[in-house]
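Below is one structure, written out as structure tokens; the observations come after it.
The values are calculated or read from the model by the stated rules, or taken from the named source; none is laboratory data. Since the structure is predicted, the reported quantities are computational estimates derived from the model, not experimental observations. Virtual Cβ from ideal backbone geometry, glycine too; neighbours counted across all protein chains shown. SASA here: full protein model, heavy atoms, side chains in, ligands and nucleic acids out. Shrake-Rupley method; radii C 1.70, N 1.55, O 1.52, S 1.80 Å.
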Amino acid sequence: QVQLVESGGGLVQAGGSLRLSCAASERTFRLYRMGWFRQAPGKEREFVATISWSGGSTSYADSVKGRFIISRDNAKNTLYLQMNSLKSEDTAVYYCNAVERSGSTYWGQGTQVTVSS
């Protein structure tokens, strides 16, 4: 089973930046698509960003467009989320997601991001 391990979460001041990483246990050629979701307390999990295997196709939630950048380094089997101009409403547990070409879907354990204002 594919394992995804997130890192990089923490506490940051509003307007600051964080870079999240998601390390995959499998070579990323098997991971057709990877992405990030987040869940704030009392709210449903929501889509943040997704990226194709090649990195040539990305999608972002409207709430993070222009501020967050998703990328992946297949040589390192790692997915990234660069978060800039962070706002208090970005506070959430962020989850890494990966989908194999077979359709199998995997989730990381989540990493907490807290933005103070």
Quotient of Cα Rg and 2.2 N^0.38 Å for the chain, N being how many residues it contains
0.99
Hey, for a label at GLN1 modelled as a point 7 Å past Cα toward Cβ, could you say which residues of region 81-117 have their backbone N under 17 Å away?
96-100, 103-110
What does the accessible area of ARG33 come to, in Å² to the nearest 10, when a probe of 1.4 Å is used?
100 Å²
With +1 on each Lys and Arg Cβ and -1 on each Asp and Glu Cβ, how big is the dipole of the chain about its Cα centre, in debye rounded to the nearest 20?
220 debye
How large is the accessible surface per residue of the chain, computed with a 1.4 Å probe and reported in Å² as a whole number?
52 Å²
Expressed in angstrom and ordered largest first, the alpha-carbon extents of region 62-117 along the principal axes are 42, 22, 20
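Taking all protein chains as present, what is the carbon and sulfur share of the accessible area of the chain, in % to the nearest whole number, probe 1.4 Å? Mind dumping the intermediate values first?
Numbers: 2820 of 6090 Å².
Heavy-atom surface of the chain belonging to carbon and sulfur, 1.4 Å probe: 46 percent.
When only C-alpha pairs under 8 Å and at least 6 residues apart count, what is the relative contact order of the chain, in percent? Provide the component values of the computation, followed by the final result.
Numbers: 292 pairs, mean separation 43.1, N = 117.
Computed value for the chain: 37 percent relative contact order.
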